[in-house]
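Below you'll find the structure, written out as C-alpha cells, and then a few comments.
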Amino acid sequence: MITATGDSYRKPSATVLILGEVNERVVERLRDLLRLHGAKGLRIVVASSSVEKNIEALREFFLSNITFTLEAYFVNPVDLEKFTFAPSVVSVLVSNPDYTGHLPEDLRSLVEVV
Amino acid sequence: MVFEVLITSDRTMMSNHRGKEFLGFVATGPPLGMPEWLWMTLCAPRPKVDELGRPVEAPYGLRKIEAVLQNAGFNAAVVDPDYIHKHLDTAKVILIGHHDYFAYNPPSSEWWSITGREPVNRRSFMRFMNSPAMRKAKEKGAKIIVGGPAAWQWLYEPELMEKWGVDTVVDGEGEKVVVELASRALRGEPLPRYVYVGADNAPRVEEIPVIKAASVNGLVEIMRGCPRGCKFCSVTLRPLRFIPLEKILEEVEVNVRAGLKGIILHSEDVLLYHADGLKPKPEPILKLHSEVLSRMGEKRHLAWSHASLAAIVYAEESYGLISKLMNEVVLNEHRNYLGVEVGIETGSPALAKKIMVAKSLPYPPEKWPDVVEESFKIMHENKIIPAATVILGIPGETPDDVVKTTELIERLRPYRSIIVPMFFVPMGALKKNNWFLRDHLRPEHIEALAKMYEHTRYWALDILRFYMSSPVYLPFRLLLRYFVWFVDRHVKRYMSKLEEMVKK
C-alpha cells in the first residue's frame with residue numbers, strides 16, 4: 001500500500017514543447033527559456049521520431065544546467081494529443097512544421113518556428 | 001515476501017570489496033596480469049544475502065533510496081544483481097545506481113586510456129544489463145530508472161538507453177524525486193526520459209532518511225555538499241547540510257548490529273563537520289568521533305572518506321586537533337591507522353587560483369604547495385594514510401603547471417601515502433569542457449605520471465602491512481604483491497609507448 005504520492009517533489013510548472021528535431025537554434029532558444037522560467041522548473045517535451053539523436057543534441061544543454069529542475073520527455077508526434085499541457089506551456093518551438101498538425105488547437109498561438 | 005520496486009547495481013558495486021574500500025578501486029581498472037574472474041574475486045566478491053537476495057551490506061546511496069521508499073510505503077528492497085530473477089513476477093520498477101556505469105569517471109577513464117583496455121566495472125555493468133534476468137524483467141514491462149553520481153554518463157549512451165529500455169535517467173539527489181517517479185511508474189503514467197534534480201528539489205536535512213540496513217563497509221554520511229566550490233567537482237553544486245549527530249549514530253548502530261568490522265565517516269571534508277565556514281572547530285569533531293567510536297567498540301576500524309588538506313593544516317596549527325584526535329580518541333592497539341582520500345589536484349598555485357580558489361582556504365592559493373606538504377607531514381606523524389588524487393589535463397593547464405605538480409610530488413616522497421593520477425573528466429562547473437585523453441598527453445604529463453607511480457610504488461608494500469595486517473588477508477596480500485611485481489615489469493613498457501605516442 002503506497003501512502004506517499006510524491007507531493008514533496010516540486011514538479012516543473014513550465015513546459016516547452018519542441019516539434020521536430022532538436023537543432024542548434026532550438027537549443028539556443030531553450031537556454032533563453034531556461035533563464036526565464038527555470039526557477040519554476042522546466043518540462044521539455046520533444047515530439048519527434050528520433051529519440052537518440054535528440055538526446056545527443058540536448059546533451060550539452062542538459063549538462064550545462066546545474067541549477068534548475070528539468071524533466072525531458074521524448075514522444076512520438078502522434079501521441080502528443082495524449083499529453084495535457086496547457087496552461088503551463090510557455091513556448092512551442094517548431095523545427096519541423098509537418099508536426100504542427102498534431103498540436104492541440106489552444107497551443108497554436110505559442111508556436112515559434114526555429 | 002515479494003517486492004514491487006527493486007534497487008540494485010552490478011557486482012562491482014554490490015560487494016564489500018573484502019572489507020577494504022580501496023580494493024573497490026581495483027574494479028576501476030582492466031584486469032592486468034591475471035584473468036578477469038580472479039581480478040573480480042579479488043576486488044568484488046559476492047556479498048552475503050538472505051533467501052530473497054537482499055545483501056547484508058549494500059552501497060550507501062542505494063540504502064538511502066531503499067529507506068526513503070520504504071518510509072513512503074513502497075514495497076521496495078535492495079536486491080543483489082544475481083537474485084533479480086527471483087522477483088520477476090512482482091517487480092514493476094527496477095532502480096539502478098552506480099558510481100561509474102561506463103567507466104567514464106576517473107580513475108577508470110585513465111586506466112582505460114593508458115592501457116587501451118576496458119575496465120572491469122564497465123564490463124561487469126554491461127553483463128548485468130544484458131543478463132537474462134534484466135531482459136526478462138523488461139519483457140514483463142518493468143520500468144528501469146537509473147541514477148547516482150554517474151547518471152550523466154547515460155547522456156553519452158542514448159543507444160544503450162534504447163537497447164536496454166532505460167525509461168528514466170535521474171541526475172542529482174534522489175530522495176524526493178524517486179518517490180514521485182516510482183509512484184508514476186506504478187500508476188502507469190508517462191515517465192520523463194531525463195530528470196535533473198535542481199536545488200529546489202534537494203532534500204532538507206530532516207528529509208534525508210536513516211538507512212535501514214548496513215552499508216558497504218559501514219559508510220555513514222555526516223555531511224552533504226561542500227563549500228569549497230572547486231570547478232571540476234559536482235558535489236560542490238549541492239547545498240551544504242550537516243547530518244545531526246543522532247542520525248549519524250543511528251546509522252553507525254545499524255552497521256554495528258549487522259556485524260560490520262568498521263565505519264567510514266563520509267563527507268567531502270570530514271573536518272568541516274559543523275565548522276566555522278572553512279575553519280574546523282575542535283568540539284564538534286571530537287564529539288563526533290568520541291560518540292561514534294563509543295558505539296563501535298575497541299576493535300572496529302575507522303576511516304574518513306575525504307578530508308581537505310587545508311582543513312588538516314588549520315586544525316593542527318590552531319588547536320593541535322589532528323594529534324589530539326588521533327592519539328587520544330582514534331588510535332588504539334587494534335586501530336593503528338586511519339585511511340582517507342584527499343585531493344592535491346595540482347601543484348601549481350596559478351592553476352589552483354583558476355579552478356579551486358577556495359581549496360587552500362583559510363590559506364591563500366599561492367601557498368597551496370606548502371599547505372599540501374605540511375598536511376602530508378601532519379598525517380604521516382599521526383598515522384593517517386592518504387590516498388591522494390592529482391588531476392592532469394584540467395582546462396587552462398600549461399606545461400609549467402604540470403612541472404610544478406611533478407615538483408610537489410617529489411616533495412611528498414617522505415610521507416606515507418599513495419598518489420593516483422586522474423585524467424580530467426568534465427564535471428561540476430567545468431562539465432562543458434572536453435575529456436583529457438591519452439592523445440592529449442605531453443612530455444610533462446609523462447614525467448608527472450612516472451613520479452606518481454614511483455611515489456606510490458615506494459610506499460605500496462609498507463601501506464599493505466597496515467591495510468591488510470590480519471592473517472586472513474594473506475592470500476590477498478600475496479596477490480597484490482604479485483600485482484605490484486607485474487606492474488613493475490610492465491610500467492616501463494607502457495611509459496615508453498606513451499612517450500613514443502607523444503613524440504608522434
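Quick one: would you say B:E175 is assigned to a helix (DSSP H, G or I) and within 11 Å of another protein chain (Cβ to nearest Cβ)?
Working: assigned to a helix (DSSP H, G or I): no; within 11 Å of another protein chain (Cβ to nearest Cβ): yes.
In short, no.
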Evaluation of B:E298 against (1) of a type outside the set (A, V, I, L, M); (2) part of a loop (DSSP other than H, G, I, E, B); (3) buried (at least 24 other Cβ atoms within 10 Å of the Cβ) (one fails), failing number: (3)
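Considering only the range A:2-9, I want to know if a residue exists there that is at pLDDT below 95, part of a helix (DSSP H, G or I), surrounded by fewer than 21 Cβ atoms within 10 Å (Cβ to Cβ) and within 14 Å of chain B (Cβ to nearest Cβ). Give the derivation first.
Residues of the range A:2-9 that are at pLDDT below 95, as a first pass: A:2-9.
Restricting the remaining residues to those that are part of a helix (DSSP H, G or I) gives none.
So far as the range A:2-9 goes, no, none of its residues is at pLDDT below 95, part of a helix (DSSP H, G or I), surrounded by fewer than 21 Cβ atoms within 10 Å (Cβ to Cβ) and within 14 Å of chain B (Cβ to nearest Cβ).
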Count of the range B:49-74 residues which are under 18 Å from the mean Cα position of the chain (by Cα), among the hydrophobic types (A, V, I, L, M, F, W, C) and assigned to a helix (DSSP H, G or I): 2
B:M296 being touching a Cys at 6+ places or on another chain (Cβ under 6 Å) and touching a residue at least 40 places away in the same chain (Cβ under 8 Å): no
Residues located in the range A:88-103, provided they are touching a Gly at 6+ places or on another chain (Cβ under 9 Å) and of a type in the set (A, V, I, L, M): A:L93, A:V94
Single residue of the range B:395-428 satisfying the filter (under 21 Å from the mean Cα position of the chain (by Cα) and among the aliphatic types (A, V, I, L, M)) that is nearest to the other protein chains (Cβ to nearest Cβ): B:M427
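From the list B:E268, B:E341, exactly one residue is in contact (Cβ under 8 Å) with a residue 24 or more places away in the chain, surrounded by fewer than 20 Cβ atoms within 10 Å (Cβ to Cβ), within 21 Å of the chain's Cα centre (by Cα) and under 18 Å from B:A387 (Cα atoms). Which is it?
One residue alone meets the criteria, B:E341.
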Filtered residues of the range B:404-446 (kept if more than 20 Å from B:R493 (Cα to Cα), at pLDDT below 85 and part of a loop (DSSP other than H, G, I, E, B)): B:F424, B:V425, B:P426, B:M427, B:K431, B:K432, B:N433, B:N434, B:W435, B:F436
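Would you pick out the residues in the range A:13-31 that are assigned to a helix (DSSP H, G or I) and hydrophobic (A, V, I, L, M, F, W, C)?
We begin by selecting, within the range A:13-31, every residue assigned to a helix (DSSP H, G or I); these are A:24-31.
Passing the criteria: A:V26, A:V27, A:L30.
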Long-range neighbours under 6 Å by Cβ, at least six apart or interchain, first residue within 19 Å of B:R184 (Cβ to Cβ) within the range B:93-104, second of a type in the set (A, V, I, L, M) and part of a loop (DSSP other than H, G, I, E, B): B:I94/B:A142
Cross-chain or 6+ apart pairs with Cβ under 7 Å, the range B:144-173 first and more than 20 Å from A:F68 (Cβ to Cβ), then of a type in the set (D, E) and crowded, with 22+ Cβ neighbours inside 10 Å: B:A150/B:D100
Matching residues in the range B:1-48 - criterion: being of a type in the set (A, V, I, L, M, F, W, C) and part of a loop (DSSP other than H, G, I, E, B): B:M1, B:V2, B:F3, B:M13, B:M14, B:A27, B:L32, B:M34, B:A44
The range A:53-96 - residue that is aliphatic (A, V, I, L, M) and under 12 Å from B:Y194 (Cβ atoms) and, of those, modelled with the lowest pLDDT: A:L63
Number of the exception - B:D50 against (1) in contact (Cβ under 8 Å) with a residue 60 or more places away in the chain; (2) more than 14 Å from chain A (Cβ to nearest Cβ): (1)
Subset tally (residues that are closer than 24 Å to B:V390 by Cα, of a type in the set (F, W, Y) and either touching a residue at least 12 places away in the same chain (Cβ under 8 Å) or not in a helix (DSSP H, G or I) (or both)) for the range B:447-500: 8
Elements of type strands (runs of 3 or more DSSP E) in the range B:180-289, at least 2 residues being among the basic types (K, R) and within 30 Å of A:Y73 (Cβ to Cβ): none
Output for the range A:32-85, where each listed residue is among the aromatic types (F, W, Y), in a helix (DSSP H, G or I) and either surrounded by fewer than 18 Cβ atoms within 10 Å (Cβ to Cβ) or more than 9 Å from every other protein chain (Cβ to nearest Cβ) (or both): A:F61
Matching residues, the range B:36-57, being under 16 Å from B:K86 (Cβ atoms), of a type outside the set (D, E, K, R) and surrounded by 15 or more Cβ atoms within 10 Å (Cβ to Cβ): B:P47, B:V49, B:G53, B:P55
Matching residues in the range B:149-169 - criterion: being at the interface with chain A (Cβ under 10 Å from one of its Cβ atoms) and within 23 Å of the chain's Cα centre (by Cα): B:W152, B:W154, B:L155, B:Y156, B:E157, B:V169
Matching residues, the range B:192-228, being within 12 Å of chain A (Cβ to nearest Cβ) and either surrounded by fewer than 18 Cβ atoms within 10 Å (Cβ to Cβ) or hydroxyl-bearing (S, T, Y) (or both): B:Y194, B:Y196, B:A199, B:D200, B:R204, B:E206, B:E207
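Are any residues in the range B:453-479 closer than 28 Å to B:T405 by Cα and buried (at least 16 other Cβ atoms within 10 Å of the Cβ), and if so, which ones?
Quick first cut of the range B:453-479, residues closer than 28 Å to B:T405 by Cα only: B:453-464, B:466-467.
B:Y453, B:H455, B:T456, B:W459, B:A460, B:I463, B:L464, B:Y467 - these are the residues of the range B:453-479 that are closer than 28 Å to B:T405 by Cα and buried (at least 16 other Cβ atoms within 10 Å of the Cβ).
The values are calculated or read from the model by the stated rules, or taken from the named source; none is laboratory data. No experiment lies behind these values; they were computed from the predicted model shown. Reconstructed Cβ throughout: ideal geometry from the backbone, glycine too, with neighbour counts over all protein chains shown.
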